[in-house]
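What follows is one structure encoded as structure tokens, with my remarks underneath.
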Amino acid sequence: MSVGIQVGVTPISSCQYLADQNEQLAVVLSGDYHQPERYGALLAAGFRRSGNLIYRPHCPQCQACQALRVDVAHYRPSKSQKRHRSQLKRLTLQVSENLDENWFALYDSYITSRHATGNMYPANRQDFLDFISSQWLSPRFIHLYQDEEKGLRLVAVAVIDVVDDGLSALYTFFDPHHAFSLGRVCIQAQIQLAHALHLPWLYLGYQIDACTTMRYKADYYPHQRFINQQWRAFSWTVIPQ
């Protein structure tokens, strides 16, 4: 753990991703790190935030969670990711400091369809706002809209934090019945925005190879993973399909 950062640990509990494992979190207690200009350094040390809480896995017998960040400048899309880029071009993208007024209906539909057995079900407006908001850092919102006869229809929202060296993907939700792969399309939107802002990294959160719902992050090359207190580079000689 970095010198000068005071941390605490949570009680050990059952892991929500790996059924045969327990989880424990290291939580930053140092108040002077709860500010935008210092949060970037914590992201670069494998931490993330949930609301005001800054944490990273500190599990006693498992190191499956690996913080992952995409190298934006050198990113090379696979064939399927080029298709997602093409889908992005067919949508209207807007970046805002505030959520679209129709966000909750979309979020409710997403949670009900995709995460009905998870701890975010049933969808709760205030719980979600508490999860994405903090007193010391204001997130940004990437909105994707479908152009229809009646006007623009909100189909996806990616919640992001902006720090000195990159974007941090906080949460994404979307129309679960849309023909496009909107979760993947949102990643392309975040890569595009990071590139436009000349930011080197897109932090996608924790990669868990043994968890099928968390493996998608490793599909974006080149990327780095935070392993044994340092970032290790992963790249493909031949980009996968």
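Looking at the calculated P(r) for the stretch 7-65, what percent of the C-alpha pair distances fall above 18 Å? Provide the component values of the computation, followed by the final result.
Working: 600 of 1711 pairs.
Of all Cα-Cα distances in the stretch 7-65, 35 percent exceed 18 Å.
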Using a basic spin-label model with each label point 7 Å from the Cα along Cα→Cβ, how many nm lie between Ala218 and Arg83? 2.2
For Thr172, other-chain or 5+-apart residues with amide H closer than 5 Å (H placed, Pro excluded) are Val159
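What FRET efficiency do you get for Ser133 and Val9 if R0 is 25 Å and r is their Cβ-Cβ distance, rounded to the nearest 0.05? Don't skip to the end; give the middle numbers.
On the way: r = 24 Å, r/R0 = 0.98.
Given R0 = 25 Å and the Cβ-Cβ separation, E is 0.55.
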Listed by chain and number, the lysines with an alpha carbon less than 22 angstrom from that of Lys217, same-chain partners under 8 positions apart left out, are Lys79, Lys82, Lys89
Rounded, prolate or oblate: pick one for the stretch 106-203, where a ≥ b ≥ c are the square roots of the eigenvalues of its C-alpha gyration tensor, a/c under 1.5 means rounded, and failing that, prolate if a/b is larger than b/c, else oblate. oblate
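Take the alpha carbon gyration tensor of the stretch 82-143, find the square roots of its eigenvalues, order them as a ≥ b ≥ c, and report rounded if a/c is under 1.5; if not, report prolate when a/b exceeds b/c, else oblate.
On the way: a/c = 2.19, a/b = 1.23, b/c = 1.78.
It comes out oblate by the Cα gyration axes.
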Mind checking the full-extension length gain between Asp32 and His74? Use 0.36 nm per residue of separation minus the Cα-Cα distance, one decimal, nm. 11.8 nm
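Would you calculate the volume per residue, in Å³, of the smallest convex hull containing every Cα atom of the chain? Spell out each step's value before the answer.
Working: hull volume 32.4 nm³, N = 241.
Taking the convex hull of the Cα positions in the chain, it is 134 Å³ per residue.
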Tell me, which cysteines of the chain are without a disulfide-compatible partner by the Cβ under 4.7 Å rule? Cys15, Cys65, Cys186, Cys211
Which angle from 0 to 90°, rounded to the nearest 10, does the C-alpha axis of helix 182-196 make with the longest principal axis of the chain? 80
Selection from Ala26, Ala64, Phe47, by position along the positive dipole direction of the chain (Cβ): Ala64
Label the stretch 43-114 by shape, choosing from rounded, prolate and oblate, from the square roots a ≥ b ≥ c of the eigenvalues of the Cα gyration tensor; if a/c is under 1.5 it is rounded, and otherwise prolate applies when a/b is larger than b/c, oblate when it is not. oblate
If each of Ser96 and Arg232 carries a label point 7 Å out from its Cα toward its Cβ, how far apart are those two points in nm? 4.2
Lys150: which lysines have alpha carbons under 18 Å from its alpha carbon, excluding same-chain residues fewer than 8 sequence positions away? none
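Every read-out reported here was derived from the displayed coordinates using simple, explicitly stated rules and does not represent laboratory data. This one's a predicted model, so the numbers in the text were calculated from it and none came from an experiment. Note that each Cβ is placed from the backbone with ideal geometry, even for glycine, and that neighbours are counted across all protein chains shown.
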